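What follows is calculated from the coordinates using simple rules that are stated; it is not laboratory data. Computed from a predicted model, the values in this text were never measured in an experiment. Cβ atoms come from the backbone with ideal geometry, glycine included; neighbour counts cover every protein chain shown.
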């Protein structure tokens, strides 16, 4: 996703990407871009695709932060629903 904002701003395998102008390179690279976004959102960060440009680095950090916020929010939602259902079941059991 970050590559969409600044094409060629990543290193892959230690080599700077050189993409000819006027080539729609994003369609063929979607799996790589999705892989980078997923590894960044989950904060795994294997290091095989690395942001080089300062803007790309900032966006990668924001993506990692958003990934953690999303995870915490999602888990809180699941736990909240579980506890609500458990309390509801306990109330129904005591009313019988």
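Some points to look at:
- Likely footprinting exposure, 29, 57, fewest C-beta neighbours within 10 Å first: 57, 29
- Length added when fully stretched, residue 84-residue 52, from 0.36 nm per residue minus Cα-Cα: 6.9 nm
- Net lengthening on full extension, residue 70/residue 96 (0.36 nm per residue, minus Cα-Cα): 5.4 nm
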